[in-house]
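Please treat every number below as a calculation from the coordinates, not as lab data. Keep in mind that this is a model prediction, so the values were computed, not measured. A quick note on method: Cβ atoms are made from the backbone with ideal geometry, for glycine too, and the neighbour counts reach across all protein chains shown.
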Amino acid sequence: MIDTRATMAVVAATLAPGIAAMAHFFGTGVLVNVGLAVSAAIAVEASVLRMRRQSVVAGLGDGSAVVTALLIAIAMPPAVDGWLVGLAVLAALVLGKHVYGGLGANPFNPAMVGYALVLVSFPADLATWPGSEGVDQLTGATALETLKHRGGETIADVWTAAHGFGAWGAHGFEWINVWFAVGGLVLLGLRLVDWRIPIAMLATLTVLSALCYDGGSSASLGSPAFHLLSGATMLCAFYIATDPVTSPTQPRGRILFGVLVGALLFVVRCFANYPDGVAFAVLLGNSMVPLLDRPLAQSASAR
């Protein structure tokens, strides 16, 4: 079994194809976000470790802060102000990690804590992404936001390049999701993540979207392919929801956790004010982990 440092290195490496795809479709702003987030993470992590009188070398050496920074950088629009990226990283490492005692003690996914704080506080700044050909294009809504606010238009009405849709998803998000799925399959093959969470989450999202898809009318909530290949679906399934610290440890709990995250993601996307619900779904799922990890016998006796 490899140690934390090696695990984080492999996770970061498998994120690279998805990040490259994002840079291809959205421009170099993606790489700027990565550089800003990683730099901020190193500075914040070192400062907090010094204040806590812990080893800076050991704390930075485990690589967890860098992976947290990468996830935040990926979640943020490429055109967002740099200080928002720094704020998200600061909140992630301080409020999501060290306030609970550091790596291994945090109940909530740090990257999602940081991202959710910025998303709730500055929703307009995180609402638009560059066009699919890069930063020279006008910014606009993502596929999920276009679908949510399409009014009386049918799926066919908005399934056009003019509305920012690609072959399957939007703005290249379909291919970005494919590459994050490829990286996730590598993690599964190396047994660095348990298959139960991503499979349960994706299966739940597929079933719910299939049940609520009527073929494309103005009331349709989007097809299974659309939900699987838009937004941060695959990133959530393989990299965020599977965080070993904040997800269940028992096989049954992991399946239930994946189902819960998938269901919450679909509900937020279709019925809440935010176009994507990864952060909210994962954080709410994290809060349920102690209950999901309880043995069946203990749960029955409690009733």
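Worth pointing out:
- CYS212/ILE42 FRET efficiency (R0 41 Å; Cβ-Cβ; nearest 0.05): 0.40
- Sorted largest first, the spans of the alpha carbon positions of the range 1-140 along the three principal axes are 47, 33, 23 Å.
- The label-point distance for GLN250 and ILE199, in a model that sets each label 7 Å from Cα toward Cβ, rounds to 2.0 nm.
- Taken along its principal axes, the alpha carbon cloud of the range 50-128 reaches lengths of 39, 20, 18 Å, longest axis first.
- Ordered by the number of other Cβ atoms lying within 10 Å of each residue's own Cβ, fewest first, HIS98, HIS227 fall into the sequence HIS98, HIS227.
- Order of CYS236, CYS212 - criterion: other Cβ atoms within 10 Å of each residue's Cβ, fewest first: CYS212, CYS236
- Here the peptides 27-37, 273-283 are ranked by packing, the mean other Cβ count within 10 Å, and the order with the highest first is 273-283, 27-37.
- As a proxy for reagent exposure, ranking THR206, THR242 by other Cβ atoms within 10 Å from fewest up yields THR206, THR242.
- Distance between the C-alpha centres of the range 226-266 and the range 18-64: 23 Å, rounded to the whole angstrom.
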